[in-house]
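The values are calculated or read from the model by the stated rules, or taken from the named source; none is laboratory data. Because the structure is predicted, anything quoted here is derived from the model rather than measured. Positions of Cβ are backbone-derived with ideal geometry, glycine not excepted, and every protein chain shown enters the neighbour counts. Accessible surface is based on the protein model in full, side chains and every heavy atom, while ligands, DNA and RNA are left aside. Shrake-Rupley method; radii C 1.70, N 1.55, O 1.52, S 1.80 Å.
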Amino acid sequence: VQLQASGGGLVQAGGSVRLSCAASGSIFNVMGWYRQAPGDQRELVAAITAGGSTNYAGSVKGRFTISRDNAKNTVDLQMNSLKPEDTAVYYCNAGTYSNIFYWGKGTQVTVSS
């Protein structure tokens, strides 16, 4: 299984960034994004099931949108109205129907004030 993330970078507060993750090697029930800021634990940002049900962290609701293409096995995270506190390494995550979860390499998102 491989999860290949792309996107990220440096953006000013109020700006937007789109993260994309392409998964291969299995069929995934749930796909999502986590993030980890320095000194903090990794936390869920957003997740989406194959059926389209979504779950968002309270801090990103209304600003971030997760979407997926089941045919392509991809999951995207559109991040709008970014804040400095959104600065973190973002990780793609995917879970199979057997509840085996995989991680992609992180991608840095830095929001400057």
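Fully extending the segment from ASP69 to SER6, taken as 0.36 nm per residue of separation minus the present Cα-Cα distance, adds 21.1 nm. Among THR49, THR96, THR74, which one shows the biggest mean-square fluctuation in a GNM of the chain, springs joining Cα atoms closer than 10 Å? Of THR49, THR96, THR74, the Gaussian network model singles out THR96 as fluctuating most.
Measuring nothing but how far apart in sequence close Cα pairs (under 8 Å, 6+ apart) lie, relative to its length, the chain scores a relative contact order of 37 percent. Computed over protein heavy atoms with a 1.4 angstrom probe, the accessible surface ordering of TRP103, TRP33, largest first, is TRP103, TRP33.
Near ALA13: Cβ cut-off under 10 Å, other residues only, Lys/Arg at +1 and Asp/Glu at -1. The net charge is -1.
Take the chain with all the other protein chains still there, run a 1.4 Å probe, and you get 52 Å² of accessible area per residue. Of all the options ALA13, ALA94, ALA71, the one that moves most in a Gaussian network model of the chain with Cα springs shorter than 10 angstrom is ALA71. Here the accessible area of the chain is 47 percent carbon and sulfur, with a 1.4 angstrom probe and all protein chains present.
Would you kindly state the longest site-free stretch of the chain, with sites defined as trypsin sites (Lys or Arg not before Pro) in a DSSP loop (not H, G, I, E, B) surrounded by at most 14 other Cβ atoms within 10 Å? By the stated rule (loop sites, at most 14 other Cβ atoms within 10 Å), 1-60. Looking at the chain alone, DSSP beta bridges between its own residues are antiparallel in about 90 percent of cases.
Taking a ≥ b ≥ c as the square roots of the eigenvalues of the alpha-carbon gyration tensor, the chain is classed prolate because a/c is 1.5 or more and a/b outweighs b/c.
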